[in-house]
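The values are calculated or read from the model by the stated rules, or taken from the named source; none is laboratory data. In this text, all values refer to a predicted model and were calculated from it rather than measured experimentally. When we count neighbours, we look across all protein chains shown, and the Cβ atoms used for this are built from the backbone with ideal geometry, even at glycine. Heads up: the accessible areas ignore ligands, DNA and RNA and are worked out on the full protein's heavy atoms, side chains in. Shrake-Rupley method; radii C 1.70, N 1.55, O 1.52, S 1.80 Å.
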There are 2 protein chains.
Amino acid sequence: MPAEASTSRPASSPLTERQEARRRRILHASAQLASRGGFDAVQMREVAESSQVALGTLYRYFPSKVHLLVATMQDQLEHMHGTLRKKPPTGDSAAGRVAETLMRAFRALQREPHLADAMVRALTFADRSVSPEVDQVSRQTTAIILDAMGLADPTPQQLSAVRVIEHTWHSALITWLSGRASIAQVKIDIETVCRLIDLTDPDRRA
Amino acid sequence: MPAEASTSRPASSPLTERQEARRRRILHASAQLASRGGFDAVQMREVAESSQVALGTLYRYFPSKVHLLVATMQDQLEHMHGTLRKKPPTGDSAAGRVAETLMRAFRALQREPHLADAMVRALTFADRSVSPEVDQVSRQTTAIILDAMGLADPTPQQLSAVRVIEHTWHSALITWLSGRASIAQVKIDIETVCRLIDLTDPDRRA
DNA sequence: CGCTAATCTAGAACAAGTTTCAGACTTGAT
DNA sequence: ATCAAGTCTGAAACTTGTTCTAGATTAGCG
């Protein structure tokens, strides 16, 4: 596997400079509009206009609104992973560190709830045509969690626990975004699910 | 709280017979179209035509496509809860019974994957305007799980565990529907998360 | 029965995602 | 520098969810 920016994307044809710039302008416009009014506020015509690109071009870069928003999420996730790396969590147990990390991410999302709404809704609404991109987001999330656990090569059990944590994370986020769960509840649920980690830690049979 | 059909819905104005019939026709058409081609195949004009109702009327009964599909899900969930009641799960532990119940539900959904797709996508895409209906679905799901646990009054911890199980259930379903997880993986994740139940059972500190 | 308010119907109109197309511009290779 | 292939632009068209309107029907009531 050749060294490549953690960004991923096989880079089937390396974009020229101007193309890279267009791509960034589009993602920036997308995030900006999303921050304003969430999923609905990201209108393809407006994204095109804001990023100084023809509508057809926008669709060449991102074949659908969902693709665009999922790519926006990848972009934001990288930021976040970078930020988290700088200040690793300090808890004693793996479970505690993961919970701390997720709550930190959660607080970051709280600062831009509309953006969070747009990204998460796109993510869960995505159909099979977006699977590769969604998968990439999922791998990135997994990496963040494994980082917090401080684990190099997890057992299958632990991987399952991590998947369950991700499930809970996404779904809890949705219930919070749609106003059906309080922040406190999200916190409790995150902490609850993180106990699964200790449960699957071979060293620490409670 | 007055006794009312488990169906819910405060019944602000009791529908006449013809109205009730229209409502059923609509839900039936919705489920039928969904079974064919999933979320996208449920087109409001087609639902209206199939159920012999004007488009405006359809929108009077269900104020959006998402409302319609969430109502369809409520409908199906009731069916399922009824079916499950008849053959309660037989496992020894609460965790086992819940896992068994969920996997049974999962197999039922497998039989109509397109319908499952439509319902689950609508559920997670729903915004605040659909919260009451989504909440109702969530309560129904909770009831099914608590039934399987054989629990009358759960502790807050147990409620959190149940919420986490629901999160996992929904999210795992989505990853399966979008082809990003195998059935085997869903099974493992369900079983993994169900261990939380034993973990929070006051009687059975493993 | 006859009236009134609510409901239903058919169909047009509107909004936003997506597709299409003809022509202008870039790029890379020769 | 020139040409071919690929890309970008602007604008219109198409699709499907949603709203609106005018007139027909129905339900409940005196």
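Miscellaneous remarks
- Computed E for residue A:60/residue A:110 - FRET, C-beta separation, R0 51 angstrom, nearest 0.05: 0.90
- Gyration tensor verdict on chain B (Cα atoms; rounded if a/c is under 1.5, prolate if a/b is larger than b/c, oblate otherwise): prolate
- Aspartates and glutamates with Cα under 19 Å of residue B:87, excluding same-chain neighbours fewer than 8 positions away: B:78, B:100, B:147
- Normalised contact order of chain B, rounded percent, pairs of Cα under 8 Å and 6 or more residues apart: 23 percent
- Once the chain from residue B:46 to residue B:25 is taken as fully extended at 0.36 nm per residue, the excess over their C-alpha distance is 6.3 nm.
- Debye-formula intensities of the protein assembly as shown, expressed as log10 I(q)/I(0) at q = 0.06, 0.12, 0.13 Å⁻¹, are -0.26, -1.04, -1.20 (one equal scatterer per alpha-carbon, no solvent).
- Where the alpha-carbon atoms of segment B:85-206 are placed on the principal axes, they occupy 40, 33, 27 Å, in descending order.
- In Hz, Karplus ³J(HN,Hα) per residue of segment B:155-171 (6.51, -1.76, 1.60; θ = phi - 60°; x = Gly, Pro): 6, x, 4, 5, 4, 4, 4, 5, 4, 4, 4, 5, 3, 4, 4, 4, 5
- Dividing the convex hull volume of the alpha-carbon atoms in segment B:5-126 by its residue count gives 120 Å³ per residue.
- The long axis of helix A:17-41 is offset from the longest Cα principal axis of chain A by roughly 70 degrees.
- Per-pair calculated FRET efficiency, R0 = 30 Å: residue A:142 and residue A:17 via Cβ, rounded to 0.05: 0.40
- Across the identical copies, the 7 Å label point of residue B:41, projected outward along Cα→Cβ, sits 3.7 nm from its counterparts, in ascending order.
- For the peptide B:118-130, the mean number of other protein chain Cβ atoms found within 10 angstrom of a residue's Cβ is 3.
- Farthest toward the positive end of the dipole of segment A:1-160, out of A:118, A:54, A:141, is the Cα of A:54, where the dipole comes from beta carbon charges about the Cα centre.
- Accessible carbon and sulfur surface of chain B relative to its total accessible area, %, 1.4 Å: 52 percent
- Between 0 and 90°, nearest 10: helix A:113-125 axis offset from chain A longest Cα axis: 90 degrees
- Both chains summed, the buried accessible area for A and B stands near 3200 Å², from protein heavy atoms and a 1.4 Å probe.
- Treating r as the C-beta distance of residue B:92 and residue A:185 and R0 as 22 Å, the FRET efficiency rounds to 0.10.
- 18 Å Cα-Cα reach of residue A:65 towards aspartates and glutamates, excluding residues that sit fewer than 8 places from it in its own chain: A:40, A:46, A:49, A:75, A:117, A:127, A:133, A:135, B:40, B:127
- Residue-averaged [θ]222 nm for chain A, counting only DSSP H segments that reach four residues, each worth -39500 (n - 2.57): -24500 deg cm²/dmol
- For the segment A:155-161, counting C-beta atoms of other chains within 10 Å of every residue's C-beta and taking the mean gives 3.
- Per residue solvent-accessible surface (Å²) - chain B, probe of 1.4 Å: 51 Å²
- Average partner coverage of A:172-181, which counts Cβ from other chains inside 10 Å: 5
- Highest average packing first - A:184-193, B:188-197, A:108-117, B:103-112, Cβ atoms within 10 Å: B:188-197, A:184-193, A:108-117, B:103-112
- Placing a label point 7 Å from Cα along the Cα-to-Cβ direction at residue B:153 gives distances to the equivalent points in the other copies of 5.2 nm, listed shortest first.
- Once the Cα atoms are used to define both axes, helix B:65-86 deviates from the longest principal axis of chain B by about 50 degrees.
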